[in-house]
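These notes are about the structure you will find just below.
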Amino acid sequence: MMKKYNRIQLTAVLVLCLVIPFTVLKTVAQETRYQYLSGTDKDHTVDWDFYINTGQKSGSWSKIAVPSNWEQQGFGTYNYYKDTQNPEEQGKYKYHFKTASWARGKNVFIVFEASMTETEVKINGQLAGPIHQGGFYRFKYDVTNLLNYNGDNLLEVTVSKRSANESVNQAERKADFWLFGGIFRPVYLEVVPDTYIDRIAINAKANGVLTLDVFANNANNNNKITAQVQKLNGQPVGLPFSAKVQAGQQKVTLQQQINNILPWNPEAPNLYNLVVSIGDNKGVSHRIKQRFGFRTAELRQHDGFYVNGKKVIFKGVCRHSEWPESGRALSKDISLLDVRLMKAMNMNAVRMSHYPPDQHFLDVCDSLGLFVLDELTGWQAKYDTEVGKKLVKELVVRDVNHPSIVIWDNGNEGGFNTDLDTEYAKYDPQQRLVIHPWEKFNGTDTKHYPDYNYVENSVLYGKEVFFPTEFMHGLQDGGHGAGLDDFWNLMMKHPHTAGGFLWSFHDEGVARTDRNGKIDIQGNAAPDGILGPHREKEGSFYTIKEIWSPVVIENKYIPEKFDGRLTIENRYTYTNLSECAFTWKLVTLARPYETDLKGRINASGNAGHINLEPGARGFLQLNLPADIQKSDVLYVTAVDQFNKEIFTWSWPLKLPINKFKSSTNKAASKTESIEQNGSLVVKIDDLSYYFDIQTGYLQKVNTAKSEVSISNGPVLVNAKYTLKKLNHYFSGDDYIIEPAYEGEPQFHVKWTLSPGKPAKLDYSYSPKGEFDFSGIEFNYPEEKITGMKWEGRGPYRVWKNRLKGQQFGVWHKGYNNTVTGESWNYPEFKGYHSNIYWVTVENKQHPFTVYSEDEQMFFQMLKPEKATGSSNEYTSPPFPEGTLGFLNSISAIGTKFQPADKLGPQSQKNVPLNYSPIKETLWFDFR
């Protein structure tokens with residue numbers, strides 16, 4: 001729930017000054033002090049007076065929460081990509097506030113963390129400074145001489161969506177994202193003494209060499225700047241070091257060797273504080289504290305990207321700063337949520353797309369450990385040089401001390417003003433690499449959306465360090481995990497690879513206040529995420545988690561005689577596997593007739609210790625009991641040094657035969673067969689099976705209480721044939737139904753109905769050529785299906801090119817008609833499911849279970865609907881027409897820009913592996 005701050009709460013620091021001891025007060029006076037005029041985030045806001053000239057609730061003064069985007073407060077007009085509606089929209093803000101006497105004699109600045117797009121600020125009727133142009137950047141004004149320190153102050157802010165600078169409009173407001181308006185990050189007063197440190201820029205190398213640029217104001221020859229490195233608990237690290245100040249000197253540089261430090265990297269994000277003070281022989285006049293990390297980042301031409309001397313592979317994603325109900329007004333809680341989700345996918349990097357994020361997001365990247373590519377706005381259009389230089393400075397000055405940031409992005413996809421390439425280094429003593437995302441520049445190839453052939457050619461002939469800053473475009477359910485396995489394996493063969501960044505982290509959906517909160521994803525423009533707008537997990541979340549796991553277990557199967565050894569590879573950059581822990585458990589799974597799906601743990605334990613350096617392979621020893629075949633599944637879980645799950649692997653230990661009781665205690669009834677109304681009816685036990693005499697297909701099954709409307713099967717997909725003869729006869733106590741078909745490919749079907757047993761279906765066929773899928777199918781009315789329960793991999797559906805990430809077990813999900821990226825009730829119900837041992841189709845008539853004797857069987861549950869925002873068929877691949885399919889091969893899925901066949905080997909059509917017929921057995925239990 002959003003919390004409203006009142007003026008008393010925001011100025012509570014004044015009251016504290018009256019009660020704290022003098023010595024503490026003197027220390028506080030040396031620090032920079034802040035008074036928030038707005039709230040601190042989307043959940044803690046302050047109401048200001050507000051007027052908007054167009055759109056919703058326009059034409060009269062009212063109240064608005066600050067910070068916020070005004071559209072998400074019910075004002076103004078929504079636009080995506082460009083301001084087609086009400087481009088001249090403008091909001092006016094007013095806020096009354098008081099300052100106190102302690103601010104007298106100090107320097108007071110008003111700071112805006114971000115306001116989009118053009119912002120005019122007045123204090124007590126006077127301009128605070130030049131109008132600020134650019135919507136994603138921190139800016140501030142010196143308002144020392146504009147404030148009334150004895151009474152009321154009036155803050156007036158005019159925010160225009162459209163800038164007077166056309167290059168700002170082209171760079172920021174003609175872009176493939178939501179174009180909001182308003183003061184969406186906090187506003188506050190910053191109070192410092194007469195002589196103060198304006199800012200610092202740190203260059204802390206992994207070898208402990210620390211260089212510090214200090215920018216002090218109003219310093220004189222008597223002043224000295226002193227710095228002290230501390231651990232986060234305040235314990236000093238090394239001795240303080242200092243430098244004298246010359247009057248008028250704008251920048252003072254200090255350098256010191258700090259010994260016995262722990263460098264920063266995403267696997268061990270070690271951080272320190274740097275306390276910097278300025279003072280004279282009378283004492284300290286001003287002190288600041290900056291969190292930082294020791295690390296060295298560098299591009300090595302024709303080699304790779306190195307951090308702390310180690311070649312790194314970016315396992316990254318592009319992230320928009322957005323939440324459905326609040327737009328770009330966010331909170332640290334959301335930053336924590338997002339970074340934890342990235343880390344849970346075994347990612348180590350994030351690219352800011354396409355603007356600088358909230359400061360708290362970078363703080364979390366520092367503390368939890370992610371490499372960051374920080375980006376100047378410019379989506380296929382660039383700032384002009386004059387305004388661009390100002391915005392580069394605002395970007396770098398704010399973010400320069402974050403160890404997580406290793407690269408600056410100078411715009412995106414053609415939005416590169418090359419005059420700005422050298423501007424970053426003016427404010428960055430680390431001289432970080434500057435890139436142009438999408439093109440070859442500065443020794444890098446960051447090609448967007450390369451197909452498999454491009455990557456293959458780059459592996460063979462590329463000279464640049466290769467890391468696409470957007471790839472595997474995740475429209476709806478395509479891309480991301482689909483195709484990633486092939487792409488990643490190929491990219492890792494590149495001699496100069498540095499990984500890549502998926503597009504994108506979450507669907508950029510907005511809960512529109514003009515549509516009763518309905519989430520708008522702008523057709524196919526914004527549902528590109530691995531996660532939904534509220535961070536709902538898609539199936540690709542788990543595929544990425546497995547493919548990008550820094551711990552790789554290579555065993556695909558567990559043999560019948562298993563010695564407990566697993567082949568393992570360490571794909572960390574810095575971490576020995578001795579810092580990780582491995583556990584195992586043996587589980588007996590629930591049976592179809594059981595309602596508790598948890599199963600039973602038969603044994604569990606810890607794996608043996610393994611000492612494996614990054615890049616090395618070895619064996620992980622599991623100390624398993626001798627009777628592992630009594631269990632159904634083996635699970636092995638790896639956790640990192642922070643006790644966070646890396647991944648859990650699972651292997652079935654039994655073949656899917658005899659998963660059901662072969663007999664019943666009930667005395668079997670006599671089997672009868674008759675022909676009536678065009679059907680062959682076989683009555684056995686309490687069941688009646690109806691077969692169509694013209695086609696040989698099963699048409700329905702009647703139980704003692706209900707009809708089961710399974711029909712029109714088995715049909716061989718991708719085939720044309722006709723019934724030559726319907727053979728049916730007794731074989732002992734069994735009744736055989738054996739339709740004879742003619743056509744290509746050959747298709748043989750045999751039903752065996754036995755007293756006290758499920759119906760047995762044997763079939764065989766010989767697929768030829770290339771095909772999207774193969775197998776058999778039935779029809780069952782979708783409107784009657786209520787859910788499914790199954791033993792196999794789950795709980796998410798799979799595609800041919802997205803099989804990884806799912807766990808073997810017993811799963812259940814109720815019916816839904818989720819269209820990935822357009823609704824978010826995950827896991828999706830419709831689609832392919834892998835390694836099916838048995839499946840129960842829950843319905844409004846009578847549930848029935850089908851057992852497979854093939855551990856590689858795919859089950860098709862219905863046919864997913866095509867997304868209404870699809871502009872092509874790439875993310876709507878071919879699908880069998882039936883509603884229930886038992887398939888030996890399935891189709892792959894593409895991305896927004898590429899069909900599946902451009903995505904690598906796993907994404908190609910299926911071909912027979914040999915000329916032997918495929919033979920399968922299914923058991924249908926309608927009892």
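What to note about this one:
- First in the range 420-439 and charged (D, E, K, R), second anywhere and surrounded by fewer than 19 Cβ atoms within 10 Å (Cβ to Cβ), Cβ under 7 Å, 6 or more apart: GLU423/LYS389
- Some residue of the range 126-133 being buried (at least 17 other Cβ atoms within 10 Å of the Cβ) and either more than 23 Å from ILE197 (Cα to Cα) or within 34 Å of the chain's Cα centre (by Cα) (or both): yes
- Listed by first and then second residue, the pairs with beta-carbon distance under 6 Å, at least 6 apart or on different chains, first residue in the range 679-705 and within 21 Å of LYS725 (Cα to Cα) and at pLDDT 95 or above, second part of a loop (DSSP other than H, G, I, E, B) and among the aliphatic types (A, V, I, L, M), are LEU680/ILE693.
- Of all residues in the range 895-907, those satisfying the criterion of being touching a residue at least 40 places away in the same chain (Cβ under 8 Å) and not hydroxyl-bearing (Ser, Thr, Tyr) are LYS896, PHE897, GLN898, ALA900, LYS902, LEU903, GLY904, PRO905, GLN906.
- Test: residue in the range 157-171 that is of a type in the set (A, V, I, L, M) and under 24 Å from ILE288 (Cβ atoms): no
- Contact annotation: residue pairs with Cβ atoms under 7 Å, 6 or more positions apart or on different chains, pairing a residue in the range 240-251 that is under 17 Å from ARG199 (Cα atoms) with a partner that is at pLDDT 95 or above and of a type in the set (Ser, Thr, Tyr), are SER242/THR226.
To keep it simple, each residue is scored yes or no on (1) surrounded by fewer than 21 Cβ atoms within 10 Å (Cβ to Cβ); (2) touching a strand residue (DSSP E or B) at 6+ places or on another chain (Cβ under 9 Å); (3) modelled with pLDDT under 95; (4) hydrophobic (A, V, I, L, M, F, W, C).
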residue	(1), (2), (3), (4)
ASN148	yes, yes, no, no
LEU154	yes, yes, no, yes
PHE184	no, yes, no, yes
TYR188	yes, yes, no, no
LEU210	no, yes, no, yes
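- In summary, GLU546 fulfils each of the numbered conditions (1) touching a Leu at 6+ places or on another chain (Cβ under 9 Å); (2) under 20 Å from TYR832 (Cα atoms); (3) not in a loop (DSSP other than H, G, I, E, B) with the single exception of condition (1).
- Counting only strands (runs of 3 or more DSSP E) that sit wholly inside the range 821-903, not one has at least 3 residues that are in contact with a Leu (Cβ under 9 Å, 6 or more places away or on another chain) and of a type in the set (D, E, K, R).
- Test for THR840: is it β-branched (Val, Ile, Thr), out of contact with any helix residue (DSSP H, G or I) (no Cβ under 6 Å at 6 or more places or on another chain) and buried (at least 22 other Cβ atoms within 10 Å of the Cβ): no
- Check on ASP477, assigned to a strand (DSSP E or B) and either among the aliphatic types (A, V, I, L, M) or out of contact with any helix residue (DSSP H, G or I) (no Cβ under 6 Å at 6 or more places or on another chain) (or both): no
- Members of the range 456-474 that are outside any loop (DSSP other than H, G, I, E, B), out of contact with any helix residue (DSSP H, G or I) (no Cβ under 6 Å at 6 or more places or on another chain) and surrounded by 18 or more Cβ atoms within 10 Å (Cβ to Cβ): SER458, VAL465, PHE471
- Only strands (runs of 3 or more DSSP E) whose full extent lies in the range 596-662 are considered here, and the ones with at least 3 residues that are over 26 Å from the mean Cα position of the chain (by Cα) are 600-606, 617-621.
- Search result, residues across the range 792-803 that are outside any strand (DSSP E or B) and buried (at least 22 other Cβ atoms within 10 Å of the Cβ): TYR796, ARG797, LYS800, ASN801
- Selection count, the range 490-543, where residues are in contact (Cβ under 8 Å) with a residue 60 or more places away in the chain and not in a loop (DSSP other than H, G, I, E, B): 20
- Verdict on VAL312 being aliphatic (A, V, I, L, M), surrounded by 17 or more Cβ atoms within 10 Å (Cβ to Cβ) and within 26 Å of the chain's Cα centre (by Cα): yes
- The residue of the range 156-181 that is surrounded by the fewest Cβ atoms within 10 Å (Cβ to Cβ), among those that are touching a Lys or Arg at 6+ places or on another chain (Cβ under 9 Å) and small (Gly, Ala, Ser), is SER167.
- Check on PHE808, of a type in the set (A, V, I, L, M, F, W, C) and out of contact with any Pro (no Cβ under 7 Å at 6 or more places or on another chain): no
- Qualifying residue in the range 835-852 (condition: of a type in the set (S, T, N, Q) and either within 23 Å of the chain's Cα centre (by Cα) or under 26 Å from LYS545 (Cα atoms) (or both)): yes
- Top-ranked residue in the range 86-104 [being in a strand (DSSP E or B) and touching a Ser or Thr at 6+ places or on another chain (Cβ under 6 Å); ranked as farthest from TYR188 (Cα to Cα)]: GLN90
- Meets criteria (touching an Asp or Glu at 6+ places or on another chain (Cβ under 6 Å) and free of Cβ contacts under 8 Å to residues at least 24 places away in the same chain) for THR786: no
- Within the range 699-725, the set of residues being aliphatic (A, V, I, L, M), touching a strand residue (DSSP E or B) at 6+ places or on another chain (Cβ under 7 Å) and within 17 Å of GLU672 (Cβ to Cβ) comprises VAL701 only.
The values are calculated or read from the model by the stated rules, or taken from the named source; none is laboratory data. The shown structure was predicted, so the numbers you read here are calculated from the model rather than taken from an experiment. As a convention, Cβ positions derive from the backbone with ideal geometry for all residues, glycine included, and neighbour counts pool all protein chains shown.
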